[in-house]
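Novice: The following block contains the structure, expressed as C-alpha coordinates.
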Amino acid sequence: MNHPVPLAAGTPTRVNAVLLRVPAGFPSPAQDSFDDGRIDLNDVLIRDVTSTFILRVTGDSMQGVGIYDGDEVLVDRSLTPRDGDVVIAVVDGDFTIKTLRLHPEKVVLHPENPAYPDVVVGGLSELVVWGVVVHSIRHLRPAGPPA
(Lines give C-alpha, C1' and ligand atoms only; values in the text may rest on other atoms or scores of the structure.)
Protein backbone atom coordinates (compact mmCIF):
# COMPACT_ATOMS: atom_id res chain seq x y z
CA MET A 1 0.00 0.00 0.00
CA ASN A 2 1.40 3.39 -0.93
CA HIS A 3 1.97 6.00 1.75
CA PRO A 4 -1.30 7.85 2.32
CA VAL A 5 -1.65 11.40 1.06
CA PRO A 6 -4.24 13.74 2.62
CA LEU A 7 -7.03 15.07 0.48
CA ALA A 8 -6.30 18.57 -0.71
CA ALA A 9 -8.26 21.25 1.06
CA GLY A 10 -9.44 24.19 -0.98
CA THR A 11 -11.65 24.21 -4.02
CA PRO A 12 -14.83 22.21 -3.43
CA THR A 13 -15.44 19.24 -5.67
CA ARG A 14 -18.87 19.91 -7.12
CA VAL A 15 -20.70 17.55 -9.43
CA ASN A 16 -24.10 17.65 -11.07
CA ALA A 17 -26.67 15.91 -8.93
CA VAL A 18 -30.12 14.54 -9.49
CA LEU A 19 -31.30 13.57 -6.04
CA LEU A 20 -33.72 10.88 -7.13
CA ARG A 21 -34.18 7.56 -5.39
CA VAL A 22 -33.55 4.70 -7.81
CA PRO A 23 -35.01 1.29 -6.86
CA ALA A 24 -32.48 -1.54 -6.82
CA GLY A 25 -35.24 -4.16 -6.65
CA PHE A 26 -38.19 -4.10 -9.01
CA PRO A 27 -38.54 -1.14 -11.39
CA SER A 28 -41.08 1.47 -10.35
CA PRO A 29 -42.63 4.49 -12.05
CA ALA A 30 -40.49 7.60 -12.17
CA GLN A 31 -40.97 9.92 -9.23
CA ASP A 32 -42.92 13.10 -9.95
CA SER A 33 -40.49 15.43 -8.25
CA PHE A 34 -36.81 15.53 -7.53
CA ASP A 35 -34.22 18.00 -6.45
CA ASP A 36 -31.79 18.89 -9.19
CA GLY A 37 -28.62 20.88 -8.80
CA ARG A 38 -25.03 20.53 -7.72
CA ILE A 39 -23.62 18.92 -4.61
CA ASP A 40 -20.21 19.23 -3.02
CA LEU A 41 -18.66 15.78 -2.61
CA ASN A 42 -16.68 17.09 0.37
CA ASP A 43 -19.98 17.75 2.17
CA VAL A 44 -21.34 14.30 1.31
CA LEU A 45 -18.27 12.12 1.83
CA ILE A 46 -15.85 13.92 4.13
CA ARG A 47 -16.41 14.87 7.75
CA ASP A 48 -12.91 16.23 8.43
CA VAL A 49 -10.82 17.06 5.35
CA THR A 50 -7.58 17.34 7.32
CA SER A 51 -8.00 13.80 8.67
CA THR A 52 -9.38 12.08 5.56
CA PHE A 53 -7.25 10.11 3.13
CA ILE A 54 -7.91 8.01 0.03
CA LEU A 55 -6.12 4.67 -0.17
CA ARG A 56 -6.16 2.14 -3.00
CA VAL A 57 -6.90 -1.43 -1.92
CA THR A 58 -4.87 -4.37 -3.17
CA GLY A 59 -6.00 -7.94 -2.65
CA ASP A 60 -9.32 -9.66 -2.09
CA SER A 61 -9.56 -10.19 1.67
CA MET A 62 -12.43 -7.69 2.06
CA GLN A 63 -14.68 -8.76 -0.81
CA GLY A 64 -17.36 -9.94 1.63
CA VAL A 65 -18.14 -6.29 2.46
CA GLY A 66 -17.92 -5.16 -1.15
CA ILE A 67 -14.35 -3.88 -1.14
CA TYR A 68 -12.37 -5.31 -4.06
CA ASP A 69 -8.85 -5.17 -5.46
CA GLY A 70 -8.31 -1.76 -7.06
CA ASP A 71 -11.10 0.02 -5.16
CA GLU A 72 -10.34 3.19 -3.24
CA VAL A 73 -11.43 3.72 0.34
CA LEU A 74 -11.91 7.00 2.20
CA VAL A 75 -10.32 6.75 5.61
CA ASP A 76 -11.01 9.14 8.50
CA ARG A 77 -8.18 9.21 11.01
CA SER A 78 -10.11 11.41 13.46
CA LEU A 79 -12.68 8.72 14.31
CA THR A 80 -12.31 6.43 17.31
CA PRO A 81 -12.45 2.85 16.00
CA ARG A 82 -15.32 0.68 17.26
CA ASP A 83 -15.99 -3.04 17.16
CA GLY A 84 -17.21 -3.95 13.67
CA ASP A 85 -15.59 -0.99 11.89
CA VAL A 86 -13.58 -1.62 8.76
CA VAL A 87 -10.18 -0.15 9.60
CA ILE A 88 -6.77 0.47 8.19
CA ALA A 89 -4.43 -1.13 10.69
CA VAL A 90 -0.68 -1.26 10.96
CA VAL A 91 0.49 -4.59 12.37
CA ASP A 92 4.20 -4.82 13.08
CA GLY A 93 4.82 -2.04 10.54
CA ASP A 94 2.64 -3.44 7.73
CA PHE A 95 -0.62 -1.83 6.54
CA THR A 96 -3.76 -3.93 6.16
CA ILE A 97 -7.50 -3.38 5.78
CA LYS A 98 -9.72 -5.58 7.95
CA THR A 99 -12.83 -5.57 10.13
CA LEU A 100 -11.94 -4.73 13.74
CA ARG A 101 -13.25 -7.19 16.32
CA LEU A 102 -12.69 -6.21 19.94
CA HIS A 103 -12.80 -8.96 22.55
CA PRO A 104 -12.08 -8.58 26.28
CA GLU A 105 -8.94 -10.69 26.01
CA LYS A 106 -7.77 -9.94 22.45
CA VAL A 107 -8.07 -7.84 19.30
CA VAL A 108 -8.87 -9.59 16.04
CA LEU A 109 -8.51 -8.19 12.54
CA HIS A 110 -11.08 -10.13 10.57
CA PRO A 111 -10.84 -10.55 6.80
CA GLU A 112 -14.18 -10.62 4.97
CA ASN A 113 -13.15 -13.55 2.79
CA PRO A 114 -13.16 -17.12 4.15
CA ALA A 115 -9.96 -17.87 2.22
CA TYR A 116 -8.01 -15.79 4.76
CA PRO A 117 -7.45 -16.42 8.48
CA ASP A 118 -8.15 -13.92 11.24
CA VAL A 119 -5.20 -11.87 12.41
CA VAL A 120 -5.14 -12.23 16.18
CA VAL A 121 -3.02 -9.48 17.65
CA GLY A 122 -0.95 -10.99 20.41
CA GLY A 123 1.17 -9.55 23.16
CA LEU A 124 4.35 -9.39 21.06
CA SER A 125 2.70 -7.70 18.08
CA GLU A 126 2.44 -3.97 17.62
CA LEU A 127 -0.98 -2.76 16.44
CA VAL A 128 -1.93 0.77 15.43
CA VAL A 129 -5.40 1.42 14.10
CA TRP A 130 -4.44 4.04 11.54
CA GLY A 131 -7.97 5.07 10.56
CA VAL A 132 -11.60 4.06 10.04
CA VAL A 133 -12.89 3.34 6.54
CA VAL A 134 -15.99 5.48 6.00
CA HIS A 135 -16.63 4.96 2.26
CA SER A 136 -15.44 2.78 -0.56
CA ILE A 137 -15.34 3.77 -4.20
CA ARG A 138 -16.08 0.95 -6.61
CA HIS A 139 -15.18 1.51 -10.24
CA LEU A 140 -17.87 -0.06 -12.41
CA ARG A 141 -16.43 1.26 -15.65
CA PRO A 142 -12.72 1.82 -16.17
CA ALA A 143 -11.67 5.44 -16.44
CA GLY A 144 -10.22 6.62 -19.68
CA PRO A 145 -11.08 8.39 -22.89
CA PRO A 146 -14.54 7.76 -24.36
CA ALA A 147 -14.61 5.04 -26.98
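Novice: Just need a number here: residues in the stretch 107-141 that are free of Cβ contacts under 8 Å to residues at least 12 places away in the same chain and within 16 Å of VAL57 (Cα to Cα).
Specialist: Within the stretch 107-141, residues that are free of Cβ contacts under 8 Å to residues at least 12 places away in the same chain and within 16 Å of VAL57 (Cα to Cα) number 1.
Novice: Sticking with this one: Being outside any loop (DSSP other than H, G, I, E, B), in contact with an Asp or Glu (Cβ under 8 Å, 6 or more places away or on another chain) and either at pLDDT below 95 or not charged (D, E, K, R) (or both) is the filter here; which residues of the stretch 91-126 pass it?
Specialist: Answer for the stretch 91-126, where residues must be outside any loop (DSSP other than H, G, I, E, B), in contact with an Asp or Glu (Cβ under 8 Å, 6 or more places away or on another chain) and either at pLDDT below 95 or not charged (D, E, K, R) (or both): VAL91, THR99, LEU100, LEU102, VAL108, LEU109, HIS110.
Novice: Let me ask another. Report the residue count in the stretch 33-64 for those that are within 25 Å of GLU112 (Cα to Cα) and in contact with a Ser or Thr (Cβ under 7 Å, 6 or more places away or on another chain).
Specialist: So the answer is 1.
Novice: What about SER78, is it under 21 Å from ASN42 (Cα atoms), in a strand (DSSP E or B) and out of contact with any Cys (no Cβ under 6 Å at 6 or more places or on another chain)?
Specialist: Spelling it out, it is not the case that SER78 is under 21 Å from ASN42 (Cα atoms), in a strand (DSSP E or B) and out of contact with any Cys (no Cβ under 6 Å at 6 or more places or on another chain).
The values are calculated or read from the model by the stated rules, or taken from the named source; none is laboratory data. Not measured: the values here are computed from a predicted model. Cβ atoms come from the backbone with ideal geometry, glycine included; neighbour counts cover every protein chain shown.
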